[in-house]
1. For the chain, set up a GNM with springs between Cα atoms under 10 Å and report which of 81, 239, 36 has the largest fluctuation.
2. Among the trypsin sites (Lys or Arg not before Pro) in the range 361-443, which ones are in a DSSP loop with at most 13 other Cβ atoms within 10 Å of the Cβ? Mind listing them?
3. Please list 204-210, 253-259, 386-392, 341-347 highest first by mean number of surrounding beta-carbon atoms within 10 Å per residue.
4. List residues of the range 370-387, by number, whose backbone nitrogen lies under 20 Å from a label position 7 Å along Cα→C-beta of residue 411.
5. With all pairs of different alpha carbon atoms counted, what Kirkwood hydrodynamic radius in Å does the chain show?
6. So, with +1 on the Cβ of K and R and -1 on the Cβ of D and E, and no other charges, what is the size of the charge dipole of the chain about its Cα centre, to the nearest 20 debye?
7. Can you give the direction-averaged projected area of the convex hull of the alpha-carbon atoms in the range 322-367, in nm²?
8. Would you tally the net charge around residue 385, using a Cβ to Cβ cut-off of less than 13 Å, leaving residue 385 out, and scoring K and R as +1, D and E as -1?
Amino acid sequence: MTKTVIIGTNHAGLAAANAILDHSGQEVVMIERNENFSYLSCGTALWVGRQIESVDGLFYTNREDFEAKGAKVRTKTTVENIDFEGKVVHAVTQQGEKVEESYDKLVLATGSVPISPKVPGRELKNITFMKKYEEGQNIDQMFEHEEIKNIAVIGAGYIGVEMAEAAKRRGKNVLLFDALDRCLPSYYDPWFTDDMDKNLAEHGIELHYGELVKEYKGTDKVEQIITEKGEYEVDLVINAIGFSPNNQLAKDHLELFANGAYLVDRHQQTSDPDVYAVGDCATVYSNALQGTTYIALASNALRTGRVAGENIVGNSIESPGVQGSNGISIFGHHMVSTGYSVESAAKFDLDVKYTDIEDTQKPEFMKENDDVKLRIVYEANSRRIVGAQMSSTTSDISMAIHMFSLAIERQVTIDELGMLDTFFLPHFNQPYNYINKAALAAE
Ligand SMILES: Cc1cc2nc3c(=O)[nH]c(=O)nc-3n(C[C@H](O)[C@H](O)[C@H](O)COP(=O)(O)OP(=O)(O)OC[C@H]3O[C@@H](n4cnc5c(N)ncnc54)[C@H](O)[C@@H]3O)c2cc1C
Ligand SMILES: NC(=O)c1ccc[n+]([C@@H]2O[C@H](COP(=O)([O-])OP(=O)(O)OC[C@H]3O[C@@H](n4cnc5c(N)ncnc54)[C@H](O)[C@@H]3O)[C@@H](O)[C@H]2O)c1
């Protein structure tokens with residue numbers, strides 16, 4: 001019997017546990033410092049912004065599901081250190097009891113931690129992150145109070161933009177700050193973010209871009225934020241300036257990536273062959289880059305967890321790699337992207353070209369039609385597709401981005417895409433749809 005200890009039981013740890021427990025002859029111990037399991041933080045903004053009624057649906061499993069499959073589950077237990085030579089995990093329960101678990105195989109699924117702006121006053125009350133369930137609950141309760149009027153969101157990335165919308169939907173004054181000059185700069189080119197910024201401004205969100213916070217001020221609670229350009233009265237600050245991998249337990253034992261993530265191969269194996277790392281604490285293989293990188297997403301967590309689990313039970317499968325596909329929908333404006341934008345490609349030294357189209361999805365004679373905007377990014381020399389961005393104000397265009405994700409994974413060229421067989425039916429499509437048209441127009 002192989003004994004596997006899994007540290008961290010959110011998406012990545014749960015996926016690894018499920019993959020292992022689906023096979024016989026496996027002993028699994030799951031250790032988690034929180035009480036709850038499987039919180040889909042991606043739903044927090046929907047819940048806090050009251051687009052969904054209850055938080056209950058944001059948990060998709062619980063400890064009983066895993067105990068029923070034969071796992072030993074230790075919640076409210078924090079792993080303090082690991083003896084990698086003796087293969088023993090040392091942990092402590094919330095009551096202070098010390099516990100030990102030996103292992104044959106170890107899965108590190110310790111996730112990520114939000115980055116804190118290193119500015120004076122960050123210890124004041126009413127300054128929070130938005131990662132854990134408890135932080136979501138706290139923000140939700142704060143929004144109930146009428147005296148909490150002015151909300152500053154620091155970071156106009158995914159969490160920041162979604163939380164800005166949620167706060168606005170709850171009737172707050174919202175100030176959205178970013179160090180760069182626009183929203184979502186890591187995922188989209190300005191051609192798309194200009195539309196989203198217009199959308200945010202039209203819904204009453206005050207945009208403060210290119211404006212770094214220098215200090216949080218207040219006596220007990222935060223009352224003011226001071227930036228390079230001004231001073232603002234605030235009652236609550238939500239910090240959302242990105243995640244860093246949580247590598248505390250093994251940073252001195254394992255090989256690390258530049259940002260500190262555990263460096264893994266395509267079996268999710270670390271530099272210690274008995275130790276696997278999955279989800280936000282580990283690297284991923286990017287097909288667009290054709291190399292190792294770091295992308296913190298629940299979708300990656302689930303897949304990497306499964307790959308580790310299958311390898312632990314002896315099914316030698318390799319990760320196909322990822323594209324970092326993602327999406328966002330704010331006040332009905334939908335945007336999706338995969339791979340690299342023109343701007344992000346430059347940061348990774350990829351020499352790219354791009355082709356753009358703005359179109360309707362169906363022929364003009366159709367009464368009900370949808371707008372669509374598409375940019376395909378391809379490598380200048382090889383002409384393989386390395387990214388795509390899409391938006392629509394009327395329709396769910398997400399399925400098309402999955403096709404681009406596969407195209408990047410399979411190294412399809414922009415020229416192959418031009419003649420792709422896309423079917424024609426006026427209810428759905430033009431004879432040449434926007435994807436063909438954009439590809440055929442490529443330089
Ligand atoms: C507000 C928000 C919205 C998001 N929206 C999306 C989205 O729409 N789509 C998407 O793909 N991604 C989204 N993400 C990102 C996604 O949530 C993360 O990529 C995902 O949670 C990573 O899963 P994980 O299991 O690797 O790590 P985590 O979720 O960070 O879980 C790690 C677990 O390890 C436990 N742990 C850590 N250290 C120890 C220890 N020493 N002992 C015991 N337990 C420990 C932690 O308590 C935690 O439960 C969002 C994130 C946030 C915060
Ligand atoms: N819809 C989704 O897929 C979704 C939703 C939420 C979160 N996530 C993932 O969770 C992770 C964390 O999200 P996030 O929003 O914290 O990170 P992010 O990387 O999406 O955005 C961080 C933002 O903070 C800005 N920033 C950095 N330092 C700053 C500073 N000192 N002052 C002001 N601005 C600063 C950056 O320019 C960037 O716009 C990401 O990997 C993200 O992809 C995904």
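1. Largest GNM mean-square fluctuation: 81.
2. Working: sites: 367, 373, 375, 383, 384, 410, 437; in loops: 367, 383, 410.
Loop-located and lightly packed - 367, 410.
3. On the way: 204-210: 16.7, 253-259: 15.0, 386-392: 26.3, 341-347: 18.4.
Descending mean neighbour count gives 386-392, 341-347, 204-210, 253-259.
4. Counting only backbone N, you get 377-387.
5. Working: mean 1/r = 0.0426 Å⁻¹.
Kirkwood hydrodynamic radius for the chain: 23.5 Å.
6. Details: 41 positive and 66 negative charges, 65 e Å.
Computed charge dipole of the chain: roughly 300 debye.
7. Details: hull surface 20.8 nm².
So the mean shadow area of the Cα hull is 5.2 nm².
8. +1
The values are calculated or read from the model by the stated rules, or taken from the named source; none is laboratory data. Being a predicted model, the structure only gives us computed values, none of them experimental. Reconstructed Cβ throughout: ideal geometry from the backbone, glycine too, with neighbour counts over all protein chains shown. With ligands, DNA and RNA removed, areas are computed over all heavy atoms of the protein, side chains included. Shrake-Rupley method; radii C 1.70, N 1.55, O 1.52, S 1.80 Å.
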